[in-house]
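Please read the structure below before turning to the comments.
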Amino acid sequence: MNRRDFLKTTIITGAAFALPGSPNPLIKALEAAEKTDLVAAHGLSPAAITKTAIDGLGGIKSFISRGDIVVVKPNIGWDRLPAYAATTNPEVVSTVVALCYAAGAKQVKVFDHSVVDPRRCYKQSGISAAATAAGGIVSFIDERKFRDMKLPGVVLKSWPLYTEAVEADKFINIPIAKTHGLSTLTLGMKNLMGIMGSSRGRIHQRIDGSLVDLAMKVSPTLIILDAVRILTANGPQGGDLADVKLLNTVVAGRDQVAVDAYGATLFGLKGSDIGCVVAGNKAGLGTMDLAKLKIKRINV
Amino acid sequence: MIRKIRIAAQGIFLLTFLWLFVQTESKGADDLGYPVKIFLDADPLIFITTIFSSHAWYDTFSLAVGVIVATIILGRVFCGWVCPLGTLNNMVGALQKRRPPRAPLSLHWLKYCLLIFLIVASLFSLQLTGIFDPIALLIRSFSLAVYPAVSYATKAVFDTIFNFNIPVVVNASEFIYMIFKKLWLPFQQPFFLQSAFLGLLFLIILGLNLLEKRFWCKYLCPLGALLGVFSRFAFLQRSVSEGCNSCGACTFDCQGGAAPALKEKWHHTECLLCMNCDDVCPQDSVRFGFFQKTQSAPLDLGKRRVVGMILSGITIVPLVRITGINKQAGASEPKLIRPPGALEEKQFLTRCVKCGECMKVCITNGLQPTLLEAGLEGIWSPILIPRIGYCEYRCTLCGQVCPTGAIRKLELPEKEKVKIGLAMIDKGRCLPYAHATPCIVCQEVCPTPAKAIWLEKAKVMNGNGSELNLKQPHVDLELCIGCGLCEAKCPILGQPAIYITSNGESRSKDNQLLLP
């Protein structure tokens, strides 16, 4: 998008908003997009379905403003190649990074607090190379940038969180859908553990409440669930290609609970089977009842 | 002139050594991209004694043989021009500006005794060379003490500035810090057991230069002694012409203490080819040239010393192997978790030269030097201490940098199968067992494709008398490879509720739990 286009859109949008109730087609389109809660895009190109899913929610510009500092948080937790579905699809990540820049973002930062050695995770997952190629600022976690922060929480009152993640203008969560020994599945809310410092293994003692508290605090602008490949067993680290299922799907939404509830259906489960989804629903973080949501399914 | 070329060469070799040392670190791929162990490969002492002790040839011999050939032709050029420890000794020695008031100690025979001792011991399967070999010693000291200390100090300075957070200053310092990180700082601060001890030993070796320049090289270095023997009849000879008036100007500057002023009674085997005598000679009467007929004093240790050292070399073998530690070491020592690809313990010890390369490269810092866990002869050999760092599932770097094949270089599919031990669960400490508290961290992180930790659904009673559903972990003895990731991440700190023992390690026939 060039400057002229930008000005034009801004003026038209401004004019449209200035005339409430007018039958302007643009407003109708905006309202329709507003109403779509979830988009599940299906297709062979991870880049194309990622873009389609975001477009289905109203396009990247409804999330990212000019000059924003954006944090894109994929799952780079493990030392696995992309085919093993233990880490977020690198193409999905690079597409989101590129879209953010296209929407005028000032900086797009990409990082994760890896579980095993970060050098290996960043490299082997392919995310470091892909995100860098798209212009993303890929960095390893710097221990000095964790700060004890208050959470509006029930279980966790405070925890050291990564300042760059919390202080960013916009936070885009890009989890990958996987099984997990305790929380059954690891989806969007579980992926937020990647901004936690300290001995975060302890949160498994009361995982559901902790994740909801964390999700309340971080409150991502947009959640893009990578289900290009999903890991159906031996998660979250995987390691056996037989456990990987190719779904060629990307799910996008604003509601953390809804995205995770939809994610559960990819495994033949329901949102109500996942502890943190139930807890999130109860705490008012979002809606797990998919019947109440407007879901668009698009084939690309 | 030649002296300047020599100093330049020393500088280049030292910088190459340091550069390769810094590159002995993962960048995320499973290879390092540089021949980081090249100085160890070129070390003839390690080469010869390893062949003696392990009764096996090893493939990377061309450089070591090259150094031997170079020594036969030129003399101890390796010591004078190449050896990075020699250069460091030079640099520290340069601090000593004035001629010391006393006569030099002339203990040259000491290093030959040490050499005989090491070679005889290696012939009887005891490999102690690594403790004294200059290259192994230097890499070990740098890896385990010097580099961690310098890194710690640097980080502390930058962190202090960062925490003060003075606007412009912090930007500048962070910029410099970033460059340092890219150029030479480690990815993460290394921590090692015995680092202070090893650092102190190294400081003493450097400090001896203040007593006498190149003290180590002249009197202690067994590699220097070996090369001295090879250089005895080197083709390149030094001659002193008639013009010499025995002014003695060359004596103090001679790096090897070879008594160059003594003309035909000088010690050729101590000459490091530094060319200082040529440089300082006011009469310009020193020449180095090929096929000259010159005389020098013979290398004579005396029969008693030779016989004494041979006997010591033999006696030491049973002596170090009859300690109480040896009784428990080996097959059943639970803490002796060797790196993946390590040979069976006895063979391992005949090869390991304690150079510390594997510990330097270990991606998690988990490989640590032993003190007595592997017996006296195993001092400073590598063991994995999972509490400090686990064994990264898809990493094979330690086997790639091992100079003697004590740790075999494994291909990834083999590495993923090699067991270095087994995990055991301590039910008295484990949260779901002992404390009615959910936790699955060990299962979550377990890296084997089919998880080696399985969860059993269990109903337990908590303190309030109410029933609780949770999952209790079990170790699959067949699948567990003993990598220690579970132990490293177990939330029970201090003494973890899951821990690795060496039991079940692939390399041992005896140290097994299960029927084959």
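The values are calculated or read from the model by the stated rules, or taken from the named source; none is laboratory data. These numbers were taken from a predicted model, which means no experiment stands behind them. In this analysis, Cβ positions are derived from the backbone assuming ideal geometry, glycine residues included, and neighbour counts consider all displayed protein chains.
Among the residues of region B:306-336, which ones are outside any helix (DSSP H, G or I), within 9 Å of B:ALA374 (Cα to Cα) and modelled with pLDDT under 75?
Passing the criteria: B:ALA329, B:GLY330.
Can you name the residue in region B:25-44 that is within 14 Å of another protein chain (Cβ to nearest Cβ) and among the hydrophobic types (A, V, I, L, M, F, W, C) and is also nearest to B:PHE132 (Cα to Cα) among such residues?
If we filter region B:25-44 for residues that are within 14 Å of another protein chain (Cβ to nearest Cβ), which is where we start, we get B:25-33.
Now narrow it down to the ones that are among the hydrophobic types (A, V, I, L, M, F, W, C): B:29, B:32.
Working: B:ALA29: 33, B:LEU32: 27 Å.
If we take residues in region B:25-44 being within 14 Å of another protein chain (Cβ to nearest Cβ) and among the hydrophobic types (A, V, I, L, M, F, W, C), then B:LEU32 is nearest to B:PHE132 (Cα to Cα).
Test A:THR95 against the stated conditions and say whether it is part of a helix (DSSP H, G or I) and either among the acidic types (Asp, Glu) or within 18 Å of the chain's Cα centre (by Cα) (or both). Show your work before the answer.
On the way: part of a helix (DSSP H, G or I): yes; either among the acidic types (Asp, Glu) or within 18 Å of the chain's Cα centre (by Cα) (or both): yes.
In short, yes.
Looking at region B:4-21, which of the residues that are buried (at least 17 other Cβ atoms within 10 Å of the Cβ) and touching a residue at least 40 places away in the same chain (Cβ under 8 Å) is nearest to the other protein chains (Cβ to nearest Cβ)?
Checked region B:4-21; the qualifying residue nearest to the other protein chains (Cβ to nearest Cβ) is B:PHE21.
Hey, among the residues in region A:232-263 that are among the aliphatic types (A, V, I, L, M) and under 17 Å from the mean Cα position of the chain (by Cα), which one's nearest to A:LEU44 (Cα to Cα)?
First, the residues of region A:232-263 that are among the aliphatic types (A, V, I, L, M): A:233, A:241-242, A:244, A:246-247, A:250-252, A:257-259, A:261.
This time we only want the ones that are under 17 Å from the mean Cα position of the chain (by Cα), so: A:250-252, A:257-259, A:261.
Numbers: A:VAL250: 11, A:VAL251: 14, A:ALA252: 17, A:VAL257: 26, A:ALA258: 24, A:VAL259: 21, A:ALA261: 24 Å.
For region A:232-263, the residue satisfying everything is A:VAL250.
Just give me the residues in region B:374-413 being buried (at least 24 other Cβ atoms within 10 Å of the Cβ) and of a type in the set (Gly, Ala, Ser), in sequence order.
Across region B:374-413, the qualifying residues are B:ALA374, B:GLY375, B:GLY378, B:SER381, B:ALA406.
Looking only at region A:144-160, decide whether some residue is assigned to a helix (DSSP H, G or I) and either away from chain B (no Cβ under 12 Å) or surrounded by fewer than 24 Cβ atoms within 10 Å (Cβ to Cβ) (or both).
For region A:144-160, residues assigned to a helix (DSSP H, G or I) and either away from chain B (no Cβ under 12 Å) or surrounded by fewer than 24 Cβ atoms within 10 Å (Cβ to Cβ) (or both): present.
Does any residue in region A:112-123 that is more than 7 Å from chain B (Cβ to nearest Cβ) come within less than 6 Å, Cβ to Cβ, of a residue that is surrounded by fewer than 24 Cβ atoms within 10 Å (Cβ to Cβ) and assigned to a helix (DSSP H, G or I) six or more places away or on a different chain, and which pairs are these?
A:ASP112/A:GLY194; A:HIS113/A:GLY194
How many residues does region B:472-509 contain that are within 19 Å of B:PHE348 (Cβ to Cβ), among the polar types (S, T, N, Q) and assigned to a loop (DSSP other than H, G, I, E, B)?
Residues flagged as within 19 Å of B:PHE348 (Cβ to Cβ), among the polar types (S, T, N, Q) and assigned to a loop (DSSP other than H, G, I, E, B) within region B:472-509 amount to 4.
Quick one: how many residues across region A:231-256 are away from chain B (no Cβ under 14 Å) and surrounded by fewer than 24 Cβ atoms within 10 Å (Cβ to Cβ)?
Here the count works out to 7.
In region A:43-64, what residues are polar (S, T, N, Q) and crowded, with 23+ Cβ neighbours inside 10 Å?
The answer is A:THR50, and nothing else.
Any residue in region B:496-512 that is within 11 Å of chain A (Cβ to nearest Cβ) and either more than 21 Å from B:PRO334 (Cβ to Cβ) or without any contact (Cβ under 8 Å) to a residue 60 or more places away in the chain (or both)?
No, there is no match, as no residue in region B:496-512 is within 11 Å of chain A (Cβ to nearest Cβ) and either more than 21 Å from B:PRO334 (Cβ to Cβ) or without any contact (Cβ under 8 Å) to a residue 60 or more places away in the chain (or both).
Can you find a residue in region B:369-382 that is on the phi < 0 side of the Ramachandran plot, away from chain A (no Cβ under 13 Å) and acidic (Asp, Glu)? Before you say what the answer is, go through the steps one by one.
Just the residues of region B:369-382 that are on the phi < 0 side of the Ramachandran plot, to begin with: B:369-374, B:376-379, B:381-382.
Cutting the leftovers down to away from chain A (no Cβ under 13 Å) gives us B:369-374, B:376-379, B:381-382.
Filter once more, keeping what is acidic (Asp, Glu): B:373, B:377.
Among the residues of region B:369-382, at least one is on the phi < 0 side of the Ramachandran plot, away from chain A (no Cβ under 13 Å) and acidic (Asp, Glu), which makes the answer yes.
Of the residues that make up region A:84-94, is at least one more than 20 Å from A:ILE223 (Cα to Cα) and either buried (at least 20 other Cβ atoms within 10 Å of the Cβ) or within 14 Å of another protein chain (Cβ to nearest Cβ) (or both)?
yes
Restricting attention to region B:420-439, does a residue exist that is more than 18 Å from A:HIS204 (Cβ to Cβ), among the aliphatic types (A, V, I, L, M), within 14 Å of another protein chain (Cβ to nearest Cβ) and surrounded by 23 or more Cβ atoms within 10 Å (Cβ to Cβ)?
No, region B:420-439 contains no residue that is more than 18 Å from A:HIS204 (Cβ to Cβ), among the aliphatic types (A, V, I, L, M), within 14 Å of another protein chain (Cβ to nearest Cβ) and surrounded by 23 or more Cβ atoms within 10 Å (Cβ to Cβ).
Do you know which residues across region B:119-137 are crowded, with 24+ Cβ neighbours inside 10 Å, in a helix (DSSP H, G or I) and hydrophobic (A, V, I, L, M, F, W, C)?
B:ALA121, B:ILE135, B:ALA136, B:LEU137
Taking A:ASP208 as the residue in question, decide whether it is out of contact with any Cys (no Cβ under 6 Å at 6 or more places or on another chain) and acidic (Asp, Glu).
On the way: out of contact with any Cys (no Cβ under 6 Å at 6 or more places or on another chain): no; acidic (Asp, Glu): yes.
Taking the combined requirement at face value, the residue does not satisfy it.
Being crowded, with 21+ Cβ neighbours inside 10 Å, over 36 Å from the mean Cα position of the chain (by Cα) and of a type in the set (A, V, I, L, M, F, W, C): is that true of B:CYS281 here?
Criteria met by B:CYS281.
Of all the residues that make up region A:181-199, how many are touching a strand residue (DSSP E or B) at 6+ places or on another chain (Cβ under 8 Å) and either at negative phi or at pLDDT 95 or above (or both)?
Adding up the residues that qualify gives 13.
Consider B:ILE116 carefully, then state whether it is surrounded by fewer than 20 Cβ atoms within 10 Å (Cβ to Cβ), assigned to a helix (DSSP H, G or I) and either modelled with pLDDT of 95 or more or of a type in the set (S, T, N, Q) (or both).
Spelling it out, it is not the case that B:ILE116 is surrounded by fewer than 20 Cβ atoms within 10 Å (Cβ to Cβ), assigned to a helix (DSSP H, G or I) and either modelled with pLDDT of 95 or more or of a type in the set (S, T, N, Q) (or both).
Considering every residue within region B:8-25, establish whether at least one is over 25 Å from B:TYR147 (Cβ atoms), in contact with a Phe, Trp or Tyr (Cβ under 7 Å, 6 or more places away or on another chain) and at pLDDT 95 or above.
no
How about region A:175-201: which of its residues are of a type in the set (Gly, Ala, Ser), in a helix (DSSP H, G or I) and within 13 Å of chain B (Cβ to nearest Cβ)?
Just the residues of region A:175-201 that are of a type in the set (Gly, Ala, Ser), to begin with: A:177, A:181, A:183, A:188, A:194, A:197-199, A:201.
Remaining after also requiring in a helix (DSSP H, G or I): A:188, A:194, A:201.
A:GLY201, the sole residue that qualifies.
Report, by residue number, each residue of region B:23-50 that is surrounded by 17 or more Cβ atoms within 10 Å (Cβ to Cβ) and of a type in the set (Val, Ile, Thr). Spell out the reasoning first.
Within region B:23-50, the first condition is being surrounded by 17 or more Cβ atoms within 10 Å (Cβ to Cβ), and the residues that meet it are B:24-26, B:28, B:30, B:32, B:36-37, B:39-50.
Within region B:23-50, B:THR24, B:VAL36, B:ILE46, B:ILE48, B:THR49, B:THR50 qualify.
Could you list, in sequence order, the residues of region A:50-65 that are farther than 17 Å from A:GLN107 by Cα, touching a strand residue (DSSP E or B) at 6+ places or on another chain (Cβ under 8 Å) and assigned to a loop (DSSP other than H, G, I, E, B)?
A:LEU57 - this is the single residue of region A:50-65 that is farther than 17 Å from A:GLN107 by Cα, touching a strand residue (DSSP E or B) at 6+ places or on another chain (Cβ under 8 Å) and assigned to a loop (DSSP other than H, G, I, E, B).
Condition first: assigned to a strand (DSSP E or B), closer than 21 Å to B:LEU477 by Cβ and touching a helix residue (DSSP H, G or I) at 6+ places or on another chain (Cβ under 7 Å). Now tell me which residues in region B:406-453 satisfy that.
B:ALA423, B:ILE453
Return the pair list, or none, for Cβ contacts closer than 6 Å from residues in region B:444-463 that are at the interface with chain A (Cβ under 7 Å from one of its Cβ atoms) to residues that are basic (Lys, Arg), at least 6 apart or on different chains.
From residues that are at the interface with chain A (Cβ under 7 Å from one of its Cβ atoms), the pairs are B:VAL445/B:LYS489; B:LEU455/B:LYS471.
Tally up the residues in region A:112-141 that are among the polar types (S, T, N, Q) and within 19 Å of A:LEU192 (Cβ to Cβ), please.
3
Specify the residue that is nearest to B:PRO104 (Cα to Cα); the eligible residues are those in region B:256-267 that are buried (at least 24 other Cβ atoms within 10 Å of the Cβ) and not hydrophobic (A, V, I, L, M, F, W, C).
Residue satisfying both the conditions and the ranking: B:GLY257.
Please go through (1) touching a residue at least 12 places away in the same chain (Cβ under 8 Å); (2) in a helix (DSSP H, G or I); (3) within 14 Å of another protein chain (Cβ to nearest Cβ) for B:ARG394 and return the number of the only condition it doesn't satisfy.
Going through the list (1) touching a residue at least 12 places away in the same chain (Cβ under 8 Å); (2) in a helix (DSSP H, G or I); (3) within 14 Å of another protein chain (Cβ to nearest Cβ), B:ARG394 breaks only (2).
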